[in-house]
Every structure is written in C-alpha cells, then in structure tokens.
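Enquirer: Before we start, here is the structure in question, set down as structure tokens.
Bear in mind these aren't lab numbers, they're just calculated from the coordinates by the rules spelled out. No experiment lies behind these values; they were computed from the predicted model shown. Please note: Cβ atoms are built from the backbone with ideal geometry, for glycine as well, and neighbour counts cover all protein chains shown.
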Amino acid sequence: MNVKLVRLAQNEYATMGHLLSAENELLGVTLELPWKDNQHGVSCIPVGIYECRRAIHHPDSPKHYPVWRLEGVPNRDDVDIHIGNTVKDTQGCILVGSAYAPDHAIAASVAAFNRLMLLTADVDQLTLAISEAWAA
C-alpha cells in the first residue's frame with residue numbers, strides 16, 4: 001500500500017501537511033516539527049520514500065502503540081506515525097489528526113489515527129512518500 005505525506009507549510013514551530021492515499025484521498029492532516037537538519041527529537045525527517053511497518057509494542061512508549069514505524073530514516077530511529085495533538089507530542093515523529101487547531105496543533109488525533117489504522121488493517125507494510133509542496 002502506498003501513501004503520501006505532502007508538507008504544505010512550515011514555520012519556526014511546526015510543519016503541517018496532508019496524509020493522502022495513492023488515489024489522493026485525504027487520510028488526515030499531519031503535524032511535525034520544523035526542519036532542523038534532521039536532528040533526533042527536534043526536527044522533521046528528510047523528504048524521501050520510506051518503508052513503514054506496523055509496530056505492535058515498544059516498552060519505552062506504550063501510549064503510542066500500535067503505530068506505523070518508518071524504516072531507513074537517515075541517522076534516525078524510532079520515527080513513527082502516531083497519535084498526538086501538539087508539536088510537544090511529536091518527538092521527531094509524524095502526528096495525524098482530523099483538522100488543524102490553533103497554536104500549531106491538530107484536533108481529533110485519536111479519531112484520525114484510528115481511521116488510518118482501520119483503513120490499513122489488512123496490511124503490515126506501507127510505502128510513505130514525503131514531499132514538500134513548496135519545493136515542487
């Protein structure tokens with residue numbers, strides 16, 4: 001299964017985008033940290049194509065599981081797509097929500113994430129293509 005994350009805007013606090021199906025159906029809005037040279041825990045990840053695997057358990061972060069875990073992120077590990085509402089929740093990961101909220105946040109993250117997991121229930125692997133609309 002292929003999905004796309006199109007980053008639409010970025011400022012000093014956050015990166016906002018859309019998570020889309022291969023058919024360009026909106027699966028949710030996304031929230032990430034701004035670009036800070038791919039630094040672990042403080043930066044969004046580089047544009048690229050990543051394989052994602054369903055991760056069921058991680059003892060250091062049980063509140064975020066299950067998640068989609070990105071593989072092959074340069075110089076990074078433990079990069080996930082997970083539930084969260086503010087950039088403080090990202091820790092360098094990708095948050096998915098139903099809509100944008102004030103103050104660099106997203107709303108209804110649990111609902112959007114559960115919808116994503118339901119739509120991908122029959123697969124254990126995704127290919128995620130991350131691009132930036134302003135670079136097109």
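Enquirer: Calculate, in nm to one decimal, what Ala133 and Met16 gain on full extension: separation in residues at 0.36 nm each, minus their alpha carbon distance.
Expert: 41.1 nm
Enquirer: If you don't mind, another one. Under the rule of at least 5 residues apart or a separate chain, name every residue whose amide H is placed under 5 Å from the amide H of Thr15.
Expert: Glu32, Leu33
Enquirer: What fraction of the Cα pairs in the chain, stated in percent, has a spacing above 18 angstrom?
Expert: 48 percent
Enquirer: Sticking with this structure for a sec: Let's see if you can work this out: charge +1 on each Lys and Arg Cβ, -1 on each Asp and Glu Cβ, no other charges. What is the dipole magnitude of the chain about its Cα centre, in debye to the nearest 20?
Expert: Dipole magnitude for the chain comes out near 120 debye.
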